[in-house]
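The values are calculated or read from the model by the stated rules, or taken from the named source; none is laboratory data. If you're wondering where the values come from, they're calculated on a predicted model, not measured in any experiment. Positions of Cβ are backbone-derived with ideal geometry, glycine not excepted, and every protein chain shown enters the neighbour counts. The protein model used for the area step is the full one, side chains on, heavy atoms only, and it has no ligands, DNA or RNA in it. Shrake-Rupley method; radii C 1.70, N 1.55, O 1.52, S 1.80 Å.
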Amino acid sequence: MNTTRRNFLKTISIGAVALALPNRVRAAEQKGELPNIVYILCDDLGYGDIKCLNSEGKIATPNVDKLAAGGMIFTDAHSGSSVCSPTRYGVLTGRYSWRTRLQSGVLDGYDAPLIDAQRLTVASLLKQKGYTTACFGKWHVGMKMPVGAGNLTVGQGPTTVGFDYYYGISASLDMPPFVFIENDHFTQAPTARKTWVRAGAAAPDFEAINVLPELTRKAVEFINSKASGSKDGRPFFMYVPFNSPHTPILPAKEWQGKSGISPYADFVMQTDSCVGEIMAALDKNGLAANTLVVFTSDNGCSPAAGIPELEKKGHHPNYIFRGHKADIWEGGHRIPFVCSWPAAIKAGMKTDHVAVSSATRAERRLAAVAREAASCVS
């Protein structure tokens, strides 16, 4: 197998899925029937927050549970790091998470790019294969921010590393600037000052509580537009790094109190509902059968979720695992990981082999996943 093909098989799954389905991907590529790919990356969602992974969990997640029931659950999946930025670097590049200037912690909203402009990413690789690529959500691997009054232009962001379209925020929702970015520019000048955990420059119309619904709306619009223009024959890759359920924990009004547990639990339920909206759009447009959907998280649940209070109510967001986000203990990096591709993966599959959300150094372990998953290819 040549290097390009090997990288393709490794990178479209960002670790686990394509290596589990090499024959199916190869056959689809040869027929010109490559699947659409939707990669949903939650922010600080714990392994135990998903009902199908934690039967004793107290938070309802019917949409992710349905996705898992229709595909495959990886019960021993791990993020490349137990914090945001390095994991995202690994997810987007397939490289070891800390192989950058960042050697601890995470970036802030104004930091320069971690991804070199010439670095191959999953988006740029898929573009070479004919994919349309789009990203909706929290970037958090750096970009060159505007300098000077009246300058709204963003440099070295998602559209310079393989994405045809981007709409989202520069970093975590508690990090300024509080402004939406579309492709290579701020959608509004950040002339106001607002506070969500941290204080900083903000667009006058920007409200943190509206971010998750807006990202979901944009993702659904993209799916609808691709369906209406499907005669071009081009598959799409949609990377959806949600801002939730990271702080600020701000469930929309219709979700407040819904869980009967806490605002964090409400926010997880809203996140699950957003997954449902994306899945419904795929179904409505006849795209679900040949779309590979991956649902996962960047690390374990954060103490900011109020873990002791959740546990008092019988909910363990990091399941039975010790520790939480930012820990080297398993609770910091054990993550939910489920995938669905109805045309290729039988429903109700499960594996307990180790999988890692960035490829480097995981390949030998993922070979075991490939052998395990070979039995689930229809």
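Of all accessible surface on the chain at a 1.4 Å probe, what whole percent is carbon and sulfur?
Ligands and nucleic acids excluded, carbon and sulfur reach 50 percent.
Under 5 Å between amide H atoms, partner at least 5 residues away or on a different chain: which partners does residue 297 have, H built in plane at 1.01 Å?
42
Run the numbers on region 276-348 and let me know its relative contact order in percent, using alpha-carbon pairs under 8 Å that are six or more apart.
The normalised contact order for region 276-348 reaches 39 percent.
Per DSSP H run of n ≥ 4, the term is -39500 (n - 2.57); total these for the chain, divide by its residue number, and report the mean residue ellipticity at 222 nm rounded to 500 deg cm²/dmol.
Estimated from H runs of four or more residues: -8500 deg cm²/dmol.
In the structure shown, do any of 325/350; 258/312; 58/258; 129/226; 129/350; 258/313 have a Cα-Cα gap over 22 Å, and if so which?
Cα-Cα > 22 Å for 325/350; 129/350; rest within.
Would you rank 119, 99 by solvent-accessible area, highest first, keeping every protein chain in place and using a 1.4 Å probe?
Of 119, 99, the descending order of accessible area is 99, 119.
Please compute the per residue accessible area over the chain with all protein chains in place, 1.4 Å probe, rounded to a whole number of Å².
With all protein chains present, the chain gives 39 Å² per residue.
Where Rh denotes the Kirkwood radius from the mean inverse Cα pair distance, what is Rg over Rh for region 212-345?
1.03
I want the antiparallel fraction of DSSP beta bridges within region 88-200, as a percent rounded to 5.
65
Label points 7 Å out from Cα along the Cβ direction at residue 210 and residue 112: separation in nm?
The two pseudo-label positions are separated by 3.4 nm.
What FRET efficiency do you get for residue 352 and residue 189 if R0 is 51 Å and r is their Cβ-Cβ distance, rounded to the nearest 0.05?
The formula returns an efficiency of 0.50 here.
Quick one: Karplus J couplings for region 290-303, per residue in order, coefficients 6.51, -1.76, 1.60, θ = phi - 60°, nearest Hz, x for Gly and Pro?
Result, ordered by residue: 10, 10, 7, 10, 10, 10, 7, 9, 7, 5, x, 5, 8, x Hz.
Counting DSSP beta bridges in the chain, what percent are antiparallel, to the nearest 5?
40
Remind me, what semi-axes does the chain give for its equivalent ellipsoid, largest first in whole Å, using sqrt of 5 times each Cα gyration tensor eigenvalue?
28, 25, 20
For residue 144, list the lysines whose Cα falls under 26 Å from its own Cα; do not include residues on the same chain fewer than 8 positions away.
Cα-Cα hits under 26 Å: 127, 194, 218.
Just to be sure I understand: with springs between alpha-carbon atoms less than 10 Å apart, which residue in 169, 209, 50 has the highest mean-square fluctuation in the Gaussian network model of the chain?
Judging by the Gaussian network model, the answer is 209.
Charges only on Cβ, +1 for Lys and Arg, -1 for Asp and Glu: so what's the dipole of the chain about the Cα centre, in debye to the nearest 20?
Taking the Cα centre of the chain as origin, the dipole is about 1060 debye.
With the Cα gyration tensor of region 73-164 in hand, give its eigenvalues times 5 under a square root as the equivalent ellipsoid semi-axes, listed largest first in whole angstrom.
Over the Cα atoms of region 73-164, the semi-axes work out to 23, 19, 11 Å.
Gaussian network model of the chain, Cα springs within a sub-10 Å range: biggest mean-square fluctuation belongs to which of 265, 219, 149?
149
If you plug each phi of region 121-131 into the Karplus form 6.51 cos²θ - 1.76 cosθ + 1.60 with θ = phi - 60°, what whole-Hz ³J(HN,Hα) values come out, in order, with x for Gly and Pro?
10, 4, 5, 5, 5, 5, 4, 4, 8, x, 7
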